[in-house]
Amino acid sequence: PTGNADVDAALDRLGDTDHLATDGHVEVYEDVHKGLRDTLTALDARPGPPAPSPSYPQPSYQPRS
């Protein structure tokens, strides 16, 4: 198990090929590939955490007279 329910379900689907003739494997492989691709696309679409604000050193200005 990967810990990701969508990925685990896709990988479990590969077990379906055990009960199919070889010519039925392509459909399963394409289905699994699409599911994994959709999962990755969804991960890319999720917003990430906000970027940290820059911590630039503040200059200490001395007024001139």
### Query
How many residues does the range 5-28 hold that are within 23 Å of the chain's Cα centre (by Cα), surrounded by 13 or more Cβ atoms within 10 Å (Cβ to Cβ) and not small (Gly, Ala, Ser)?
6
### Odd one out for VAL26 among (1) modelled with pLDDT of 75 or more; (2) assigned to a loop (DSSP other than H, G, I, E, B)
(2)
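The values are calculated or read from the model by the stated rules, or taken from the named source; none is laboratory data. Please read these numbers as outputs of a predicted model, since none were measured by experiment. Cβ: placed from backbone, ideal geometry, glycine included. Neighbour counts: every protein chain shown.
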